[in-house]
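Notes for the one structure printed next.
The values are calculated or read from the model by the stated rules, or taken from the named source; none is laboratory data. Owing to the predicted nature of the structure, the values given are computational and were not obtained by experimental measurement. Please note: Cβ atoms are built from the backbone with ideal geometry, for glycine as well, and neighbour counts cover all protein chains shown.
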Amino acid sequence: MAEGTGYLRTTGDGFELVLVRSFVASPEEIWAWVTDSDKLERWIGRWTGEAAVGAVVQLTMTAEDAAEPEAVTILDCDPPRRLQVELQADAGEWQLQLDVSVRGDETLLTFNQLIDQGDDITSVGPGWEYYLDRLVAARAGLVMPPWEDYYPALVGYYSELE
């Protein structure tokens, strides 16, 4: 069974959903897992296009049945530390940020999503828990976790954050 780890943080723009995963790996290795299309495909999706700040790439989700690519605008990119994007999806427009940092012998991956009023945190939170745990599993060569361990299992945890 999956565990809820996300929390809400107040920002100047409202709230952010924050999730953190730690790895025994270099920042460069974790950066590759969140930016290299071949590695990214193993846990969430494949992107195509020219990767540059201001550019729009196409992300095709491979972890689900999504057949249509989604537009992702690269807002900021500072390898191997920060990637900020805006995702245009059926669920709406999402601002996402990934920060890679070092703490002792570990590399931390901190994921943030700006939460707009009306966003359903009870589905958004479990979804990102699922994808980040897929990243952990893909890196370790483990079996991918089942979606049912996250949704509706984590709805109660995320409803308490609202």
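Could you run through the stretch 1-60 and say how many residues are touching a strand residue (DSSP E or B) at 6+ places or on another chain (Cβ under 6 Å) and assigned to a helix (DSSP H, G or I)?
The total comes to 5.
Considering each of Leu75, Leu19 in turn, give the residue that is closer than 21 Å to Thr107 by Cβ and among the aliphatic types (A, V, I, L, M).
Checking each option against the conditions leaves just Leu19.
Within the stretch 118-147, track down each residue that is among the charged types (D, E, K, R), under 22 Å from Leu40 (Cα atoms) and out of contact with any Pro (no Cβ under 6 Å at 6 or more places or on another chain).
Glu129, Arg134, Arg139
In the stretch 79-118, which residues are in contact with a strand residue (DSSP E or B) (Cβ under 9 Å, 6 or more places away or on another chain) and acidic (Asp, Glu)?
Answer for the stretch 79-118, where residues must be in contact with a strand residue (DSSP E or B) (Cβ under 9 Å, 6 or more places away or on another chain) and acidic (Asp, Glu): Glu86, Asp90, Glu93, Asp99, Glu106, Asp116.
Please go through the stretch 24-60 and give me each residue that is exposed (fewer than 15 other Cβ atoms within 10 Å of the Cβ), under 25 Å from Arg103 (Cβ atoms) and free of Cβ contacts under 8 Å to residues at least 24 places away in the same chain, ordered by number.
Residue satisfying the conditions is Asp36 alone.
Restricting attention to the stretch 27-51, which residues are over 17 Å from Ala137 (Cα atoms), modelled with pLDDT of 95 or more and over 15 Å from the mean Cα position of the chain (by Cα)?
Within the stretch 27-51, Pro27, Glu28, Thr48, Gly49 meet the criteria.
Tell me whether the stretch 61-72 contains one or more residues that are in a strand (DSSP E or B), in contact (Cβ under 8 Å) with a residue 12 or more places away in the chain, over 14 Å from the mean Cα position of the chain (by Cα) and closer than 25 Å to Ala137 by Cβ. Give the derivation first.
Let us first name the residues in the stretch 61-72 that are in a strand (DSSP E or B), namely 61, 70-72.
Those left that are additionally in contact (Cβ under 8 Å) with a residue 12 or more places away in the chain: 61, 70-72.
Now drop any that are not over 14 Å from the mean Cα position of the chain (by Cα), which leaves 70-71.
Filter once more, keeping what is closer than 25 Å to Ala137 by Cβ: 70.
Yes - at least one qualifying residue is present in the stretch 61-72.
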